[in-house]
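As structure tokens, the structure follows; a few thoughts come after it.
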Amino acid sequence: MTDLTKLTLAGARDALKKKEFTSLELTDAYLGAIEGAAALNAYVTVTGDEAREMAKASDLKLGKGQGGALEGLPLGIKDLFATKGVLTTACSHILDGFKPPYESQVTSNLWRDGAVMLGKLNNDEFAMGSSNETSFYGPVVNPWRRKGEETKIVPGGSSGGSSSAVAAKLCLAATATDTGGSIRQPAAFTGTVGIKPTYGRCSRWGIVAFASSLDQAGPIARDVRDAAIMLRSMAGYDDKDSTSVDRPVPDYEAALGQSLKGLRVGIPKEYRVDGMPAEIDALWQKGIDWLKAAGAEIVDVSLPHTKYALPTYYIVAPAECSSNLARYDGVRYGLRVEGKDITDMYEKTRAAGFGAEVRRRVLIGTYVLSAGYYDAYYLKAQQVRTLIARDFAEAYTKCDVLLTPTAPSAAFGIGEKTADPLSMYLNDVFTVTVNLAGLPGISVPAGLSSDGLPLGLQLIGKTFDEETLFRVAYALEEAAQFKAEPAVWWRA
Amino acid sequence: MSVDQNTVRHIARLARIAVRDDELPALAGELNTILDWVEQLGEVDTKGVEPMTSAVAMSMKMRDDVVTAGNLQKEVTENAPRAEDGFYVVPRVVE
């Protein structure tokens with residue numbers, strides 16, 4: 001038998017239906033690949049026994065010609081998603097030993113459709129990071145390397161386990177979450193496809209909360225079709241999340257291959273930032289040419305408040321995180337460090353349980369929300385957020401979708417940016433605006449940097465118009481013909 | 001606005017995170033770098049601009065005021081570092 005892990009999600013789905021192999025065989029192939037890839041540190045928990053049981057159940061259904069949209073397909077789950085009875089820590093020390101007695105809505109939807117869980121994927125602690133170096137379980141390594149080098153490269157973050165695992169073929173596709181770029185930037189860094197849907201498209205119930213007004217779940221997958229299949233299963237209304245939106249989930253796969261004739265693609269001039277490498281700019285131009293050749297009309301647009309998006313984000317996100325993370329108190333779950341009284345216990349527990357980046361953000365958030373500063377910081381940031389959303393609304397009177405680079409550079413080496421939080425934050429310059437405005441965005445691999453690392457282009461859509469995003473992303477994918485794969489150096 | 005070491009100690013206290021005195025200078029430096037950077041929002045004229053309260057325009061759904069889950073004392077306390085008889089155990093709070 002050929003290597004089953006080479007198939008895409010759609011390919012494996014079709015082959016399982018034709019009974020070319022069983023879900024158990026496919027699942028075992030992935031469990032084998034995971035076992036041989038410890039060097040990537042992509043998984044923090046592997047649920048082999050459960051995976052085989054789920055696969056056997058799927059095989060029974062498939063044998064009878066039954067089964068859901070993802071029947072028998074093995075997936076990786078970001079550790080931010082609560083999985084019933086399976087260790088869920090958000091890769092934080094403070095959630096040591098936490099086994100949720102409930103299942104997140106997004107993963108429930110995947111199991112409803114027949115998917116198989118391989119295990120939990122590494123991420124930045126509480127999803128706070130852009131390189132997957134803040135995880136309590138250590139950094140994730142990108143399967144990609146610079147040409148002729150053995151330097152360990154970051155897989156992006158916070159969904160670095162998801163992007164690394166998909167790129168290294170350690171799962172067919174993975175769940176991820178995106179608060180400021182945490183799906184799209186890791187996808188760009190690993191040559192994979194990642195979509196953050198419109199805020200409210202996926203239920204946040206059972207996802208460890210970071211910044212509730214920005215957090216959204218989405219998939220990281222090998223290609224645009226696989227991302228479309230995944231999102232259709234993940235999305236949907238959930239009465240347990242009051243911000244989830246009650247509207248039907250379209251068949252995103254049906255949007256692929258539709259013509260771009262008459263479609264207007266906006267190019268925001270403010271995304272041409274100072275110091276951006278020439279190769280990023282050149283790739284962007286290529287993307288423009290590809291979409292033009294596919295029949296789209298290119299329109300110059302302006303998003304004047306773009307430069308204020310990151311500072312706005314670094315008020316809103318820490319403020320909401322300081323509030324959300326107040327629950328980790330050593331009483332109800334996770335780590336507890338005893339103290340001389342209850343306050344001492346809280347303080348010692350949280351000092352021991354939170355890593356440096358999480359502590360930094362909780363402190364910033366506490367400060368900007370503290371008495372006397374709320375108006376100057378949080379209220380001001382929420383006002384600027386309105387202006388950022390207005391910029392997009394104005395741009396969408398002239399175009400249907402926006403094309404931008406996903407990240408201002410290719411992936412960097414592990415440890416290269418950890419000393420300077422600000423330079424790390426700047427990674428999200430093109431992605432964070434989308435979260436602030438609640439819009440959908442997708443990253444598609446479009447080329448390689450001069451040193452051989454993947455680069456991505458981002459498409460930004462109108463609210464709940466993921467179908468147009470998939471349509472354009474597919475055209476971009478067809479034109480880019482990105483077929484490069486990392487050399488397999490990690491296999492033990 | 002910049003924070004000094006006393007302010008860092010105060011916000012760490014508010015956040016219930018123990019911080020050692022020897023960590024204060026470095027933390028104050030890091031926080032000031034970030035706070036100085038976000039200061040640039042001061043350039044933006046936000047007079048009369050409504051603060052965003054919802055990322056996507058939607059009205060909150062109403063639901064019936066009924067109990068939908070309950071009797072989960074075991075599940076609710078089973079992850080606690082210390083629990084007894086279905087209750088969380090914490091250090092003495094009232095003398």
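The numbers here are math on the coordinates, done by the rules we state, and not lab data. Worth saying up front: this structure is predicted, and the values here are computed from it rather than measured. So basically every Cβ, Gly included, is an ideal-geometry build from the backbone, and we count neighbours across all protein chains shown.
Each residue of the stretch A:288-298 is assigned a 3J(HN,Hα), and the resulting list reads 4, 5, 4, 5, 4, 4, 7, x, 7, 9, 9 Hz, derived from the Karplus form 6.51 cos²θ - 1.76 cosθ + 1.60 (θ = phi - 60°), x at Gly and Pro. Ranked from largest, the principal axis spans of the Cα set of the stretch A:181-248 equal 35, 26, 17 Å. Per-residue mean of foreign Cβ neighbours for A:322-330 is 2 (Cβ atoms of other chains, 10 Å radius). In terms of other Cβ atoms within 10 Å, A:Leu263, A:Leu439, B:Leu72 run from fewest to most in the order B:Leu72, A:Leu263, A:Leu439. Provide, in order from the shortest bin, the percent of all Cα-Cα pairs of chain B in each 5 Å bin, continuing until the bin that contains the maximum pair distance. Taking every Cα pair in chain B, the percentages come to 2, 8, 10, 8, 9, 10, 13, 14, 12, 10, 2, 0. Considering only A:Thr404, A:Pro318, B:Thr53, and ranking their Cα positions along the charge dipole of the protein assembly as shown that arises from unit charges at the beta-carbon of Lys, Arg, Asp and Glu, the one farthest toward the positive end is A:Thr404. Report note on the peptides A:153-165, A:115-127, A:219-231, A:323-335: ranked by the mean count of other C-beta atoms within 10 Å, highest first, their order is A:153-165, A:115-127, A:219-231, A:323-335.
Quick one: work out the % antiparallel among DSSP beta bridges in the protein assembly as shown, nearest 5.
70
The value of relative contact order for chain A, using C-alpha pairs under 8 Å at least six residues apart, is 18 percent. Restricting the calculation to alpha carbons of chain A gives Rg and Dmax of 21.3, 70 angstrom.
What pairs in A:Lys286/A:Lys307; A:Lys196/A:Lys462; A:Lys380/A:Lys462; A:Lys56/A:Lys84; A:Lys18/A:Lys61 have C-alpha atoms more than 22 Å from each other? Distance filter (> 22 Å) returns A:Lys286/A:Lys307; A:Lys380/A:Lys462.
Using only side-chain charges placed at the Cβ, +1 for Lys and Arg and -1 for Asp and Glu, the dipole size of chain A relative to its Cα centre rounds to 300 debye. Peptide B:56-62 shows a mean partner chain C-beta count of 5 within 10 Å per residue C-beta.
Highest-first packing order for the peptide set A:37-46, A:361-370, B:4-13 is A:361-370, A:37-46, B:4-13, based on the mean count of other beta carbon atoms within 10 Å. Each Cα pair under 8 Å and six or more residues apart adds its sequence gap; the mean of these over the residue count of the stretch B:1-83 is a relative contact order of 26 percent. Counts of other chain beta carbons within 10 angstrom of each beta carbon in peptide A:420-426 average 2. Built from the Cα atoms of the stretch A:323-441, the convex hull projects on average onto 10.7 nm², one quarter of its surface area.
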